[in-house]
Structures are given as structure tokens and as C-alpha cells.
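The values are calculated or read from the model by the stated rules, or taken from the named source; none is laboratory data. Because the structure is predicted, anything quoted here is derived from the model rather than measured. Here the Cβ is made from the backbone with ideal geometry for all residues, glycine too, and neighbour counts use every protein chain on show. Note: areas computed on protein heavy atoms with side chains; ligands, DNA, RNA excluded. Shrake-Rupley method; radii C 1.70, N 1.55, O 1.52, S 1.80 Å.
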Amino acid sequence: MDEERTSYPYQRYTITTFQDEGVWWAKARVAEKDAGGDRPVLGGPWKSRVGAKTAAEAFCDSGKAG
């Protein structure tokens, strides 16, 4: 079960970071979509929220989020 989940806008995307079983994961989607379309950020899990957030922003910058 997710222990902590945070979503926030980044450029034209919505990034979600969440902690599950002690590690951090991230996913991103185009912000215009209300639901669905989330893509997992490659390279996880991360040891911290900061690591997941940094990876998710780089994932969006590369255009892989949609």
C-alpha cells in the first residue's frame, strides 16, 4: 500500500511521486488529461523523493512522458 503520494504540475505535465514498501517511484502524464495516460518514469525505484522528482522532471524534459 502507498504510504505517501504527491502530485504536482511540471511544465505541461503532472508528476506523481509515491512511496511504496520503503522506496520511491514516479509517474508522469500530460496535464490536460484528467485521468489515465500515466507513464512510469524509467530508472526507479529511488531511495528518496528528491531522486524520484529529479528523474521525473528529466523524463518529462526528454519528451518521454507524452
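The table below lists the values:
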| quantity | calculated |
| --- | --- |
| Residue under evaluation Trp25, criteria (1) open to solvent by less than 50 Å² (accessible area, probe 1.4 Å); (2) in contact with a helix residue (DSSP H, G or I) (Cβ under 9 Å, 6 or more places away or on another chain); (3) of a type in the set (Phe, Trp, Tyr), criterion not met | (1) |
| Among residues of region 38-55, those that are under 14 Å from Gly66 (Cα atoms) and either among the polar types (S, T, N, Q) or open to solvent by 40 Å² or more (accessible area, probe 1.4 Å) (or both), counted | 4 |
| Region 41-59 residues that are in contact (Cβ under 8 Å) with a residue 12 or more places away in the chain, paired with ones that are of a type in the set (Ser, Thr, Tyr) and open to solvent by less than 60 Å² (accessible area, probe 1.4 Å) (beta carbon under 8 Å, 6 or more apart) | Arg49/Thr6; Arg49/Thr17; Ala52/Thr17; Lys53/Thr17; Ala56/Tyr10; Ala56/Thr17; Glu57/Tyr10 |
| In region 1-53, the residues that are of a type in the set (A, V, I, L, M, F, W, C) and not in a strand (DSSP E or B) | Met1, Ala31, Ala35, Val41, Leu42, Val50, Ala52 |
| Tally of residues being at pLDDT 90 or above and over 15 Å from Gly66 (Cα atoms) across region 1-20 | 8 |
